[in-house]
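A short worksheet on the structure shown next.
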Amino acid sequence: MITSLQSEDGASVQIVHHGAQVVSWIPAGLPEQLFLSKSAPLDSGKPLRGGVPVIFPQFSDLGPLTKHGFARNLVWHERVSEKPGQAEFELRDNDATRAVWPHAFLLVLTVTVSDAALEVELAVNNTGTTTFEFTAALHTYLRVDHIDDVRVHGLRDTHYRDSVSGAADCVEAEDSIAIRQQVDRVYMNAPSLLQLLQPTQQTDICSTGFADAVLWNPWRALSDAMADMESGGFQRMVCLESAVIAQPVRLGPAECWRGSQRLHARQTSDQ
Ligand code: TA6
């Protein structure tokens with residue numbers, strides 16, 4: 001199932017209930033802002049290659065669970081939301097999640113579209129009687145006109161783990177990061193505001209709650225090897241993820257943790 005949302009000014013968002021995955025965001029007067037691979041089969045029971053997959057309770061393979069955890073593989077339930085331009089989805093523990101992760105939880109994903117902004121908030125509630133730990137991310141695939149023209153700002157001097165080389169502690173030297181090869185980095189304690197610059201557009205990515213940020217582009221060989229990635233897809237996407245990885249969240253009974261990512265797009269020139 002898909003939920004479509006429209007703001008009063010004409011911006012729109014689409015969310016697939018499988019994984020509560022936002023798959024399209026079109027601000028008023030601007031083109032599609034999220035990458036979604038044309039080769040991603042709908043209704044395959046797998047997360048789509050694009051949009052905003054929700055990663056919980058384990059980022060990547062940093063633990064015993066299936067890669068990126070189970071939240072992106074399950075169907076979430078839509079809640080009634082009274083607010084215009086807003087939709088809410090929830091996921092509770094069930095037999096399948098308890099079989100691999102023995103904890104009681106309620107996740108709530110709130111998606112809000114307004115003006116030129118999209119906000120996605122993940123709330124994690126511990127509904128059980130024991131403390132649990134988790135890592136999480138909003139694995140946002142931003143659509144770009146061409147990867148050669150993309151620059152990422154805001155990460156200079158931030159420490160990162162480089163998953164391509166395996167180096168555990170690097171320091172970002174660039175003010176303006178260009179992507180010229182496979183990039184897969186976890187920036188720890190990242191600034192809350194990052195910027196994606198293209199020749200005609202600026203996208204601000206503002207995180208709260210998520211301490212870390214992930215920058216990922218698979219580049220050609222890995223992109224070609226992915227069955228669900230469209231041909232040359234790596235040239236039209238970059239993932240800038242709001243994440244909590246380096247220091248897992250420890251959540252006691254009845255506690256709630258919240259993290260959000262707000263994207264704001266604006267055109268900077270007509271060319
Ligand atoms: O967030 C970056 C990353 O962990 C990469 O290492 C890459 O594997 C990517 O996620 C996509 O993972 P997926 O399981 O969706 O193919």
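The values are calculated or read from the model by the stated rules, or taken from the named source; none is laboratory data. Because the structure is predicted, anything quoted here is derived from the model rather than measured. Neighbour counts run over all protein chains shown; Cβ positions are idealised from the backbone, glycine included. Note: areas computed on protein heavy atoms with side chains; ligands, DNA, RNA excluded. Shrake-Rupley method; radii C 1.70, N 1.55, O 1.52, S 1.80 Å.
Take the alpha-carbon centre of the stretch 140-154, take the same for the stretch 181-204, and report the distance between them in whole Å.
8
Quick check: the distance between the Cα centres of the stretch 17-71 and the stretch 117-134, to the nearest angstrom?
Using only Cα atoms to place each centre, the spacing works out to 18 Å.
Loop-only GluC sites (Glu not before Pro) in the stretch 120-200, please: DSSP not H, G, I, E or B, and at most 14 other Cβ atoms within 10 Å.
Loop-located and lightly packed - 174.
How much area per residue is accessible in the chain when the probe is 1.4 Å and only protein heavy atoms are counted (Å²)?
In whole numbers, the chain has 45 Å² accessible per residue.
Once amide H atoms are placed 1.01 Å from N in the peptide plane, what residues at a sequence separation of 5 or more from residue 128, or on another chain, have their amide H within under 5 Å of its amide H?
Answer set, sorted by chain and number: 104, 254.
Highest mean first, what order results for 242-255, 221-234, 52-65 on Cβ atoms within 10 Å?
Taking the mean over residues of other Cβ atoms within 10 Å, the ranking is 52-65, 242-255, 221-234.
Loop-only check: which trypsin sites (Lys or Arg not before Pro) in the stretch 144-230 are DSSP coil with at most 11 other Cβ within 10 angstrom?
Counting only loop positions with at most 11 other Cβ atoms within 10 Å, the trypsin sites (Lys or Arg not before Pro) in the stretch 144-230 are 180.
How large is the charge dipole for the chain, taken about the Cα centre, if only the Cβ atoms of Lys, Arg (+1) and Asp, Glu (-1) carry charge, to the nearest 20 debye?
Its charge dipole is roughly 440 debye.
Can you return the lysines within cross-link range of residue 46? Criterion is Cα-Cα under 24 Å, with same-chain partners fewer than 8 residues away left out.
Straight-line reach from residue 46, under 24 Å: 38, 67.
Excluding residue 156 itself, calculate the net charge of residues whose Cβ lies under 15 Å from the Cβ of residue 156, where each Lys or Arg counts +1 and each Asp or Glu counts -1.
-2
Pick from 125, 189, 94: which is most flexible by mean-square fluctuation in a GNM of the chain where alpha carbon atoms under 10 Å apart are linked?
94
Which number do you get for Rg(Cα) / (2.2 N^0.38 Å) in the chain?
0.96
Of the heavy-atom accessible surface of the stretch 116-270 (probe 1.4 angstrom), what whole percent is carbon and sulfur?
C and S fraction of accessible area: 44 percent.
Cross-link partners among aspartates and glutamates for residue 83, C-alpha distance below 18 Å, same-chain residues fewer than 8 apart left out?
8, 9, 115, 119, 121
Counting Lys and Arg as +1 and Asp and Glu as -1, each charge on the Cβ, what is the dipole of the stretch 157-215 about the Cα centre in debye, to the nearest 20?
160
Using +1 at the Cβ of each Lys and Arg and -1 at the Cβ of each Asp and Glu in the stretch 1-158, identify which of 63, 123, 140 lies farthest towards the dipole's positive end.
63
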